[in-house]
Protein chains: 2
Amino acid sequence: MRTGMASQRDVARRARVSFMTVSRVINKHPSVRPETRERVLRAIKDLGYYPNAAARALNSSRSHNVGIIFPRRDYLLVAPFCVELCAEVEAQLRRRGYHLFLGSTAEERESGDLYTLFKEGKVDGMIVFAPARDDPRIARLAGDHLPFVVVHGRSRRGEFSYVDSDNSRGMALLLEYLFELGHRRIGFVTGSLAEVNSQDRLRRYRRELRLRGLILEDALVCLGDWTLESGYAGFRKLMENPRPPTAICFSNDQMAIGALKAAHDLGLGVPRDVSITGYDDIKYASFTAPALTTVRQHIGEVGDKVAELLLECMEARSREPRRIILKPELVVRESCHAIRPFRKEEWNRNR
Amino acid sequence: MRTGMASQRDVARRARVSFMTVSRVINKHPSVRPETRERVLRAIKDLGYYPNAAARALNSSRSHNVGIIFPRRDYLLVAPFCVELCAEVEAQLRRRGYHLFLGSTAEERESGDLYTLFKEGKVDGMIVFAPARDDPRIARLAGDHLPFVVVHGRSRRGEFSYVDSDNSRGMALLLEYLFELGHRRIGFVTGSLAEVNSQDRLRRYRRELRLRGLILEDALVCLGDWTLESGYAGFRKLMENPRPPTAICFSNDQMAIGALKAAHDLGLGVPRDVSITGYDDIKYASFTAPALTTVRQHIGEVGDKVAELLLECMEARSREPRRIILKPELVVRESCHAIRPFRKEEWNRNR
DNA sequence: CTGTTAGCGCATTCAG
DNA sequence: CTGAATGCGCTAACAG
């Protein structure tokens with residue numbers, strides 16, 4: 001609305017200067033005599049003047065807004081990790097004078113999708129969360145040389161900046177740990193395989209098993225989609241196997257929580273009867289019973305980096321894309337159990 | 001940035017019309033000859049033209065953005081309910097051509113607080129979530145006649161529109177149920193008492209106990225702040241009481257989940273040793289073991305109403321503020337236990 | 001049906 | 001150090 005608001009002209013009149021001087025004061029231009037500045041500031045205060053963002057945006061062609069885009073419309077609900085990240089990024093950006101649009105849940109081609117927001121100049125840059133391997137939206141953004149940063153994704157040919165966690169390493173940590181506890185039949189419930197992240201974790205799971213001379217059984221892998229429900233279903237499915245696994249890795253904490261519930265319903269004890277691991281270390285992970293053994297991604301750090309890279313590519317168009325890969329960390333809690341005493345020789349042999 | 005973008009002028013030149021005609025086509029003005037319209041649409045497509053949001057905002061003085069504000073900066077993390085609501089509202093608003101800023105986590109007086117956003121014309125309206133009873137921000141907004149809607153809060157003198165759930169009734173439902181199960185010592189862990197919601201629930205808890213002739217014991221009430229941690233601590237504190245309660249109501253699901261964890265750590269069974277209830281019915285509530293008995297707030301409905309009221313007060317300044325109070329619903333799951341057989345006479349007597 | 005004029009509020013450029 | 005002119009892209013109000 002913003003009707004009846006004082007403009008620079010009004011301030012100028014009241015301070016008995018031209019509105020150009022007002023503009024200078026606002027933008028902290030050095031060349032204004034202190035007493036003039038004072039007069040102007042007084043007038044601004046008296047009138048309750050605020051600069052008009054639209055006008056500013058119009059002639060600087062920068063909105064000082066940023067958007068964020070998710071792989072699916074329910075992502076915020078599905079991935080608590082994402083919420084924590086958003087909060088982090090928002091705080092960082094605001095410090096630098098930018099505002100963050102709530103990740104439009106709009107899919108491409110819908111009204112108000114983020115590509116349109118870009119073109120309309122409503123955002124200066126955006127954050128793309130966990131895009132699919134060949135997400136067409138990415139190609140479009142890169143093709144138009146629009147400033148954006150990918151989180152939880154990678155660029156093959158260095159077309160854009162991204163921040164990712166070393167998912168492969170995270171999985172390796174988990175499997176090494178389970179192996180050490182004596183587990184040899186280890187199941188895996190994946191996240192949505194459209195996402196690179198999810199693929200990486202699965203791939204490393206397979207590789208680790210192979211490396212350790214274990215046979216890969218399709219029956220030990222189950223397709224999930226990050227939700228509580230799919231964790232629940234995945235657990236049941238794997239445990240119905242005639243030779244069920246002794247441990248199951250879930251590709252995020254949320255699914256592991258679903259699994260805990262399934263175990264309870266099935267009358268199975270965790271970790272007594274099956275060991276379980278999550279991924280992400282969201283808040284809830286330490287509040288389940290048993291508390292989840294999981295892999296921590298340092299969300300604060302991810303958020304900082306994302307904001308940093310985005311600001312870089314919004315403010316200096318020329319800069320080269322940068323890649324940042326954060327090290328994950330194994331968090332051992334209570335959801336895994338040694339199925340037999342640890343034998344050093346065996347451990348070494350299998351390593 | 002939006003540099004090198006085609007403008008209406010470019011489109012006009014290409015379509016060999018004046019740019020006014022282009023504007024009309026874009027705004028679906030009826031008075032344009034079909035063939036002219038076609039030519040213009042072609043040109044728009046060829047040039048990849050998108051209207052400039054800033055310019056539009058400037059001369060219509062409407063940004064078509066909406067903001068949302070929370071009581072605390074960590075609110076999104078603390079209240080999953082809030083995330084679900086945001087997603088809902090965003091979807092509704094987008095359908096009407098508005099975009100939602102991620103609830104600025106900024107407190108008042110910080111750079112980029114939402115009052116400033118308003119004054120700068122970055123938002124046309126806003127949603128205020130769970131404000132304190134005399135939140136100065138509310139007074140400010142109301143004083144300036146800015147369009148806003150409160151969720152989980154009320155206006156005493158009808159100064160503004162709001163959507164709320166009938167918290168008092170929700171608590172009554174819960175207590176009636178517990179009473180029926182035979183509980184007579186019932187504890188309560190509050191949310192942050194700065195919020196009206198939280199106060200209402202506590203008040204009704206007290207009233208119900210009094211009504212049923214039970215003595216209120218301060219030792220059975222514990223101050224929480226909505227977080228998992230405070231639920232955990234609250235549970236421990238109440239159970240350390242020499243005469244612990246047989247049931248505890250938590251003012252949200254999150255705290256109840258914290259309590260479940262505490263029970264587990266203390267070696268207490270739920271509901272065998274203590275009954276527990278939550279509030280909100282978030283996703284996780286049905287995935288705990290035992291599943292939480294709680295009160296459902298229909299988040300979808302809340303979101304719809306919020307969006308509706310906000311649009312109303314943004315588009316028709318004159319309309320009277322409206323109040324909407326939604327009926328909550330008891331969701332019985334597994335976290336409560338009858339402590340003795342139900343006796344009809346006693347139930348009637350105590351009613 | 002279509003074009004012209006003017007102005008939204010601000011900042012860049014160039015003169016004083 | 002300060003002021004005047006000009007244009008950012010668009011639309012409302014008038015003309016033709």
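The values are calculated or read from the model by the stated rules, or taken from the named source; none is laboratory data. The structure displayed is predicted, hence computed values, not measured ones. Every residue, glycine as well, gets a Cβ built from its backbone with ideal geometry; the counts of neighbours run over all protein chains shown.
For the range B:50-68, the candidate set comprises residues that are more than 7 Å from chain A (Cβ to nearest Cβ) and under 25 Å from the mean Cα position of the chain (by Cα); within that set, the residue that is surrounded by the fewest Cβ atoms within 10 Å (Cβ to Cβ) is B:His64.
So that you can scan it fast, the table gives a plain yes or no per residue for (1) farther than 16 Å from B:Leu174 by Cα; (2) of a type in the set (A, V, I, L, M, F, W, C):
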{"residue": "B:Leu209", "(1), (2)": "no, yes"}
{"residue": "B:Arg212", "(1), (2)": "no, no"}
{"residue": "B:Thr227", "(1), (2)": "yes, no"}
{"residue": "B:Ser230", "(1), (2)": "yes, no"}
{"residue": "B:Asp253", "(1), (2)": "no, no"}
{"residue": "B:Gly269", "(1), (2)": "yes, no"}
{"residue": "B:Tyr284", "(1), (2)": "yes, no"}
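Apart from one condition, A:Arg169 fits all of (1) crowded, with 20+ Cβ neighbours inside 10 Å; (2) assigned to a helix (DSSP H, G or I); the exception is (1).
For the range A:208-235, residues that are in a helix (DSSP H, G or I) and charged (D, E, K, R) total 4.
Within the bounds of the range B:236-251, is there any residue that is within 21 Å of B:Leu173 (Cα to Cα), in a helix (DSSP H, G or I) and modelled with pLDDT of 95 or more? No, the range B:236-251 has no match at all.
Condition first: modelled with pLDDT of 90 or more, within 9 Å of DNA strand C (Cβ to nearest atom) and either in a helix (DSSP H, G or I) or more than 24 Å from A:Gln297 (Cβ to Cβ) (or both). Can you find one or more residues in the range A:29-49 that meet it? Yes, there is a match, as at least one residue in the range A:29-49 is modelled with pLDDT of 90 or more, within 9 Å of DNA strand C (Cβ to nearest atom) and either in a helix (DSSP H, G or I) or more than 24 Å from A:Gln297 (Cβ to Cβ) (or both). Restricted to the range A:194-213, and to residues there that are of a type outside the set (D, E, K, R) and touching a strand residue (DSSP E or B) at 6+ places or on another chain (Cβ under 8 Å), the residue that is nearest to A:Arg184 (Cα to Cα) is A:Leu209. Candidates are the residues of the range A:242-265 that are touching an Asp or Glu at 6+ places or on another chain (Cβ under 9 Å) and without any contact (Cβ under 8 Å) to a residue 40 or more places away in the chain; the one that is surrounded by the fewest Cβ atoms within 10 Å (Cβ to Cβ) is A:Ala263. Only one entry of A:Gly182, A:Gly158, A:Gly153 meets the criterion of being in a loop (DSSP other than H, G, I, E, B), surrounded by 17 or more Cβ atoms within 10 Å (Cβ to Cβ) and touching a strand residue (DSSP E or B) at 6+ places or on another chain (Cβ under 8 Å), and that entry is A:Gly153. Just one of the listed residues (B:Val89, B:Val163, B:Val83) is modelled with pLDDT of 90 or more and in a helix (DSSP H, G or I), namely B:Val89. When A:Asn65 is tested against (1) near DNA strand D (Cβ under 10 Å from one of its atoms); (2) modelled with pLDDT of 85 or more; (3) not small (Gly, Ala, Ser), just one condition goes unmet, and that condition is (1). Count of the range B:14-27 residues, restricted to those that are more than 8 Å from DNA strand D (Cβ to nearest atom) and at pLDDT below 85, is 1.
If you go through the range B:231-256 and keep only what is of a type in the set (S, T, N, Q) and over 29 Å from the mean Cα position of the chain (by Cα), you end up with B:Asn241, B:Thr246.
The sole residue among A:Glu195, A:Glu208, A:Glu176 that is of a type in the set (Asp, Glu), within 19 Å of A:Ala256 (Cβ to Cβ), away from chain B (no Cβ under 14 Å) and buried (at least 23 other Cβ atoms within 10 Å of the Cβ) is A:Glu195. Number of residues in the range B:17-28 that are outside any helix (DSSP H, G or I) and within 7 Å of DNA strand C (Cβ to nearest atom): the value is 2. Here A:Tyr98, A:Tyr75 are screened, and the one residue that is in the same structural domain as A:Ala130 (by TED's automatic domain parsing) and in contact with a His (Cβ under 6 Å, 6 or more places away or on another chain) is A:Tyr98.
For the range B:128-156, a tally of residues being closer than 17 Å to B:Ile324 by Cβ and more than 11 Å from chain A (Cβ to nearest Cβ) returns 13. Among residues belonging to the range A:86-99 that are among the charged types (D, E, K, R) and either within 13 Å of A:Met126 (Cα to Cα) or at the interface with another protein chain (Cβ under 9 Å from one of its Cβ atoms) (or both), point out the one that is nearest to DNA strand D (Cβ to nearest atom). Among them, the one singled out is A:Arg94. The number of residues in the range A:60-80 that are touching a Cys at 6+ places or on another chain (Cβ under 9 Å) and either assigned to a loop (DSSP other than H, G, I, E, B) or among the polar types (S, T, N, Q) (or both) comes to 1.
Restricting the search to the range A:69-85, which residues are facing chain B (nearest Cβ under 8 Å) and closer than 23 Å to A:Glu120 by Cα? If the condition is that a residue be facing chain B (nearest Cβ under 8 Å) and closer than 23 Å to A:Glu120 by Cα, then A:Arg73 is the only one that fits. Filtered by the rule that a residue be closer than 18 Å to A:Ala79 by Cβ and not in a strand (DSSP E or B), the range A:116-136 gives A:Ala130, A:Pro131, A:Asp135. For the residues B:Ala307, B:Ala285, B:Ala291, the requirement of being outside the structural domain of B:Leu174 (by TED's automatic domain parsing) and either touching a residue at least 60 places away in the same chain (Cβ under 8 Å) or under 28 Å from B:Cys86 (Cα atoms) (or both) singles out B:Ala307. Going by what's in this entry, would B:Phe118 be described as in contact with a helix residue (DSSP H, G or I) (Cβ under 8 Å, 6 or more places away or on another chain), more than 30 Å from A:Ile299 (Cα to Cα) and within 16 Å of DNA strand C (Cβ to nearest atom)? When the stated conditions are applied, B:Phe118 passes them. Tell me yes or no: at least one residue of the range A:35-42 is within 13 Å of DNA strand D (Cβ to nearest atom) and without any contact (Cβ under 8 Å) to a residue 12 or more places away in the chain. Checked the range A:35-42: at least one residue is within 13 Å of DNA strand D (Cβ to nearest atom) and without any contact (Cβ under 8 Å) to a residue 12 or more places away in the chain.
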